[in-house]
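One structure is given below, encoded as structure tokens.
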Amino acid sequence: MEFTYLTNAPLDRAKTEYLQLLIQAGFAPDTETVPVMNACGRVTAQAVYAHICAPHYAASAMDGIAVRASATFGATETTPIRLSPDQFEVVDTGDPVDEPWDAVIMVEELVKQENGSVVIHAAAAPWQHIRQIGEDVCAGEMILASHMTVTPAAIGAMIAGGVLEIEVIRKPRIGIIPTGDEIIPPCTDPRPGDILEFNSSIFSAMVAQWGAEPVTYPIVPDVFDQIRDMVAKAAGECDMVILNAGSSAGREDFSAGVIRQLGTVLYHGIAMKPGKPAILGAIGGKPVLGVPGYPVSGIIVIEELLRPLVDHWLKAPTEKKQYAPAVLTRPVVSGLKYQEFVRVRLGFVGDRLMASPLSRGSGVVSSFMKADGILEIPQGTEGYEAGQTVSVRLLAPMEKLKNTLMVIGSHDPLLDELADMMHRQDSSVYMSSAHVGSMGGIMAMRRGENHVAGCHLLDTATGEYNRSFLKKYFPKGNVRLISCVGRQQGLMVAPGNPLGFTKFADIATPGVRYVNRQKGSGTRILTDYLCKTEHVDPDSIYGYEREEMTHTSVAAQIAAGSADAGMGIYSAARLYGLDFIPICIEEYDLLIPDHAWDTPMVRQLLATLKSDAFRDKLLALGGYTVENPGEIIAL
């Protein structure tokens, strides 16, 4: 089947025209009647009116006695009045107050006598402390207007008004159809080539959060007729359909053809990235959205193109997006053809909100989990420079961002452990960690973009770590070097060491596949240094220019069998069950600028570094030496 994108429609235009097409085809919500007690969070289909008054009788508002107000006139502190038992009736809050009584005196204002009479020192005003009929709600009065969300308080008001059932907008049923020969149900032991089907779980949670009812169908193989039959079934049973995936240009991408055969395709191809292969279709007035298989693309597509349809169905106001100015820590390049959505981590350094772009891969779903905001790059814009102030859509509350410790620098798994410990000790404190290498962390600190930078830079002339770089890049000081850990660096190799590695120079053996760290990282500087001292030509190493950003990502490549060796720390090798050939103990320290020293987040970081719990955790991870963590070793 020959494939062509039909369109490259601007996102805003596509949204507007899609909704107009659906409304003209009869896209509109149904209603249903539900018990008021089960209606919290539902949206009223029409105005709700009280059936009875609330209260429906004159009721005492206090514990005390019901009296005739006229019998109390003249009572003062100096001229008290005694009321005999036949001049009052004892009442509790909520009791009816009937004729002849027309006032209530609180029990706290009574002086009880042994003969059953009471003495009062103040006159009662007519109808004091009595709830009148209809004081809360009068019969026939509107309790809730149309298209209002039912709150817990509204439930109480409706029941008080005698309303036990209400008509609400039925939750839209959204069918989710996963497709693909390589897709399998979630499991813990997938084989090579298997792709765990988790998109439907993400989409189900999202639409449920918006007030819809998700319906996930069984996985359908890449067979045109089977996909068509399942889409027809879902369109008959649901109000909207998500078809995932098959919207792109592969030989088995049948979504557009299926939708076109059953209904109509408005657009195939939207000027957005990620998500450009999205399909806007309809079958019998019901939206059918073709969504790319990459999870990040799918998330963006259903947020931008499905949520407006859910909001329209539920008569919900469009959620107002919150934006804030932020300073980019790295450049972002964008194509001119698309409106692009870039996930970023955010945190305040001083009074500036800093934005660190996350991985932009459409399959990197973890980047969405880590994102605090989204940088929306308009169509026709080439991107932004590092240090430029941009407008970022916030995904996290501002209070969280103000309590986030910004760590930009060298990667180590201990940073995740520190973040966890700090947050467990104080749930209002967070850590945002961006892995850009030791030199990247130093440069970020020179620009005032972080609170902390992990650093393990070897001075190849002296064999000393970090101190000479501190002097070179911060000649005026204003930065403190904090002792953290010593850590074992070495070669990570496959379990059992099948290739028999014994020393660093073995990575140059013909046939060995090496995986390296990125330029500027401390591990890369160490590796380059070892090549020089052990007379190994980097050009002779297969894969020397293959770069990964973290120790764990290097270990993952070796564990998966796509590489034979890579330099890294022992804890990463242990995490993946790899063999480890020790090379050296290096010094992994933390740089902290003076302006951040007295912030609550840094003070808690230092306290955590010095704690027994941190020491015990590192010893359990293995490959670390702990001497004086948290102590200043250079200014």
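Assuming Ala556 fulfils every condition listed in (1) of a type outside the set (Lys, Arg); (2) within 30 Å of Lys400 (Cα to Cα); (3) free of Cβ contacts under 8 Å to residues at least 40 places away in the same chain apart from one, which condition is it?
(2)
Scanning segment 228-257 for residues that are among the aliphatic types (A, V, I, L, M) and modelled with pLDDT under 95, which turns out most open to solvent (accessible area, probe 1.4 Å)?
Ranking the candidates gives Ala249 first.
Per-residue answers, yes or no, for (1) at pLDDT below 95; (2) within 20 Å of Val265 (Cα to Cα); (3) in a loop (DSSP other than H, G, I, E, B):
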| residue | (1), (2), (3) |
| --- | --- |
| Gly293 | yes, yes, yes |
| Lys320 | yes, no, yes |
| Pro325 | no, no, no |
| Arg330 | yes, no, yes |
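Looking only at segment 173-204, filter to residues that are over 24 Å from Phe27 (Cβ atoms) and aliphatic (A, V, I, L, M); which one of those is nearest to the chain's Cα centre (by Cα)?
If we take residues in segment 173-204 being over 24 Å from Phe27 (Cβ atoms) and aliphatic (A, V, I, L, M), then Ile202 is nearest to the chain's Cα centre (by Cα).
Which residue pairs have Cβ atoms closer than 8 Å, lie 6 or more positions apart in sequence or on different chains, and pair a first residue in segment 526-548 that is under 20 Å from Thr460 (Cα atoms) and among the β-branched types (Val, Ile, Thr) with a second residue that is open to solvent by less than 40 Å² (accessible area, probe 1.4 Å) and not in a helix (DSSP H, G or I)?
Qualifying pairs under 8 Å: Thr527/Asn516; Thr527/Arg517; Thr527/Met567.
What's the number of the condition Phe368 fails, among (1) touching a residue at least 40 places away in the same chain (Cβ under 8 Å); (2) within 17 Å of the chain's Cα centre (by Cα); (3) in a loop (DSSP other than H, G, I, E, B)?
(3)
In segment 516-558, what residues are farther than 15 Å from Pro413 by Cα, among the polar types (S, T, N, Q) and not in a loop (DSSP other than H, G, I, E, B)?
The answer is Asn516, Thr527, Thr533, Ser540, Gln557.
For segment 489-507, give me the residue count where each residue is buried (at least 20 other Cβ atoms within 10 Å of the Cβ) and either touching a Leu at 6+ places or on another chain (Cβ under 6 Å) or outside any helix (DSSP H, G or I) (or both).
The total comes to 7.
Hey, among Met406, Met422, which residue is closer than 18 Å to Arg345 by Cα, in contact with a strand residue (DSSP E or B) (Cβ under 8 Å, 6 or more places away or on another chain) and open to solvent by less than 20 Å² (accessible area, probe 1.4 Å)?
Met406
Quick one: in segment 408-457, of everything that is more than 19 Å from Gln518 (Cβ to Cβ) and part of a strand (DSSP E or B), which residue is farthest from the chain's Cα centre (by Cα)?
Val452
Hey, any hits in segment 176-186 for a residue that's open to solvent by 50 Å² or more (accessible area, probe 1.4 Å) and either of a type in the set (D, E, K, R) or within 23 Å of Asp12 (Cα to Cα) (or both)?
Yes, there is a match, as at least one residue in segment 176-186 is open to solvent by 50 Å² or more (accessible area, probe 1.4 Å) and either of a type in the set (D, E, K, R) or within 23 Å of Asp12 (Cα to Cα) (or both).
The values are calculated or read from the model by the stated rules, or taken from the named source; none is laboratory data. Model, not experiment: these values are computed from the prediction. Reconstructed Cβ throughout: ideal geometry from the backbone, glycine too, with neighbour counts over all protein chains shown. Accessible surface areas use protein heavy atoms only, side chains included; no ligands, DNA or RNA. Shrake-Rupley method; radii C 1.70, N 1.55, O 1.52, S 1.80 Å.
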